[in-house]
1. Consider B:Val26 against the criteria (1) within 14 Å of chain A (Cβ to nearest Cβ); (2) assigned to a helix (DSSP H, G or I): it satisfies all of them except one. Which criterion is unmet?
2. Give region A:36-55 a look and list any residue that's small (Gly, Ala, Ser) and either within 14 Å of chain B (Cβ to nearest Cβ) or closer than 19 Å to B:Val44 by Cα (or both), or say none.
3. State which residue is farthest from A:Met220 (Cα to Cα) when the search covers only region B:263-278 and only residues that are touching a strand residue (DSSP E or B) at 6+ places or on another chain (Cβ under 8 Å) and touching a residue at least 24 places away in the same chain (Cβ under 8 Å).
4. Would you say A:Leu102 is within 18 Å of A:Val235 (Cβ to Cβ) and at pLDDT 95 or above?
5. Of everything in region B:49-71, what is away from chain A (no Cβ under 14 Å), surrounded by fewer than 17 Cβ atoms within 10 Å (Cβ to Cβ) and either of a type in the set (Ser, Thr, Tyr) or assigned to a loop (DSSP other than H, G, I, E, B) (or both)? Give them in sequence order.
6. Can you say whether B:Gly37 is within 30 Å of B:Ile117 (Cβ to Cβ) and part of a loop (DSSP other than H, G, I, E, B), as far as the supplied structure shows?
7. When residues of region A:66-83 are filtered for being more than 14 Å from chain B (Cβ to nearest Cβ) and buried (at least 18 other Cβ atoms within 10 Å of the Cβ), how many remain?
8. Mind checking which residues of region B:204-245 are out of contact with any Gly (no Cβ under 9 Å at 6 or more places or on another chain), assigned by TED's automatic domain parsing to the domain that holds B:Met277 and not basic (Lys, Arg)?
Amino acid sequence: MNKIVEKQRFSENVTKLVVEAPLIAKARRAGHFVIVRCGEKGERIPLTIADSDPAAGTITLVIQAVGDSTRKICALEPGDCLTDVVGPLGQATRIENYGTVLCCGGGVGVAPLLPIIKAMKAAGNRVVSVLAGRTKDLIILEDEVRASSDDVIIMTDDGSYGNKGLVTAGVEEVIKREKVDKVVTIGPAIMMKFVSLLTKKYEVPTEASLNAIMVDGTGMCGACRVSVGGKTRFVCVEGPEFDAHQIDFDELLMRLKM
Amino acid sequence: MFEALHEIGGVLKYGIPEFRLPNSIVDYEIEGLRKMGVKFEKDVLVGKTITYDDLHEQGFKGVFVGSGAGFPRFMDIPGENLIGVMSSNEYLTRINLMSAGRGGDTPVMHGDTIAVIGGGNTAMDSTRTALRMGAKRVILVYRRSEGEMPARREEVGHAKEEGVEFMTLHNPIEYIGDEKGHVKAMRVQRMELGEPDASGRRSPVPVEGAIEEIPVDIVIVAVGVSPNQLVPRSIEGLDVSRRNTIVVNEETMQSNIGDLYAGGDIVRGGATVILAMGDGRRAAQNMARQLLGE
């Protein structure tokens, strides 16, 4: 049982929970995820870790309510408990001094992107962040992203905040004006597909963090399999990040409809 | 005892179905261990949540690895990533561990016609589970003949008795999907038995041109498992074989790292609970001898 110590509502469907998980808080690195379960009959839901406080023994999760299980998790209040939290799972992001790193997040994907932005900045990179959402209310964690970025571009579909347009417009603007050495993208699969197509055109190495369907999250079930460079890989143990230019996004999009 | 999942019992809980090994029996055994003083920690993945070094810091003088062969194999044929094609681990875990279709929040796909690929005990468990989940037609596809099936005779008999169709000497070569990416048919290649292979069993050889297309709603791939790499990979210097198993002294179950023992599928690659239990006992005896200096 893992107690919720803090809750913040980012928008109608997006909730931040700070959860007691001392061992995970200590062991996790940028890019790792956890599997959580809510209730004795609960589903195992993979969630990327947005932040952690090893001293307080807590991790931060940002959850988008899309189905019954995520709605149940979002309805928890401080003092309530998650039935299970296991992790940190997956491979951590490869953090190096690449030069200039463009971090591009869409919607709730900005939450798992934040620790990568922080780590890339700490490694000495110039970090340019592009945040995107349908509308102003769906741009999350802007202050936290700004604190670790050299420049931030905000894109909204409806133009209610920042620049009007899709995330790719913001990414292209940056690639055209300065030399970008690495792109990291996290967001809806369809967004990552188009970011990947764009950065492939400009030949900028790109990592995408995938949100596949999982059951155990430890390599046991294979529900999360994805084709990368024509080979089947398991997102849970070999990912969640892969070379975006090698990912079969159409297959991923198809499998997410499962 | 550190367990990665949210329930203690491993493959006895997530893999072997209730009708073959009731969970109440597994829980009774676990309760017995608890009474003897064993402490169980769920949701802890050694190598991820805590390291092998952390265990030493916590004062552990000996470590037994029984992390099993949990990594499902696929056949690497076209269409295998279509929706509706899944590993037997996924199918059985959803139903057995997560209670899908029995009050759990976890969903599982249903279908009238279910094909199960493989000829081992897990394949038999999958066919019989599919029947209990309401499938109207369950076809077992196996590339050799019945005589070569690695499943126990009893399990083969039970599956037949319950109405599973056996399609032996056939091998899937492709899955075909509908416009939504859901599997709708499998193409199977007829096989015949040729010369004996390295395992001593006669190896299946394709019969040229004998390919058939069979409509299916779900395909369950039960062609074997490999050892899960999470634990072995996290321990520096541990001797691991080319098949990804932990190498141990067969008498003592001790690995090349003095205080680390291992047994069961992580050593054997995919065997039975009975052999795993034997390994555990032998390892425990030798660990006790080593620690108590007897």
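The values are calculated or read from the model by the stated rules, or taken from the named source; none is laboratory data. Quantities reported herein were computed from a predicted structural model and do not represent experimental measurements. Note that we place each Cβ from the backbone using ideal geometry, even for glycine, and neighbour counts take in every protein chain shown.
1. Unmet condition: (1).
2. From region A:36-55, those small (Gly, Ala, Ser) are A:39, A:42, A:50, A:52, A:55; that's our starting set.
Once the filter is applied, which keeps residues that are small (Gly, Ala, Ser) and either within 14 Å of chain B (Cβ to nearest Cβ) or closer than 19 Å to B:Val44 by Cα (or both), region A:36-55 yields A:Gly39, A:Gly42, A:Ser52.
3. Our first condition is that a residue be touching a strand residue (DSSP E or B) at 6+ places or on another chain (Cβ under 8 Å); within region B:263-278, this holds for B:263, B:265-267, B:269-270.
Among the residues that remain, those that are also touching a residue at least 24 places away in the same chain (Cβ under 8 Å) are: B:263, B:265-266, B:269-270.
On the way: B:Gly263: 18, B:Asp265: 13, B:Ile266: 13, B:Gly269: 14, B:Gly270: 13 Å.
The extreme case among them is B:Gly263.
4. Working: within 18 Å of A:Val235 (Cβ to Cβ): no; at pLDDT 95 or above: yes.
Taking the combined requirement at face value, the residue does not satisfy it.
5. B:Gly59, B:Phe60, B:Lys61
6. Numbers: within 30 Å of B:Ile117 (Cβ to Cβ): no; part of a loop (DSSP other than H, G, I, E, B): yes.
No; evaluated as a whole, the condition is false for this residue.
7. Within region A:66-83, residues that are more than 14 Å from chain B (Cβ to nearest Cβ) and buried (at least 18 other Cβ atoms within 10 Å of the Cβ) number 2.
8. B:Glu236, B:Gly237, B:Leu238, B:Asp239, B:Val240
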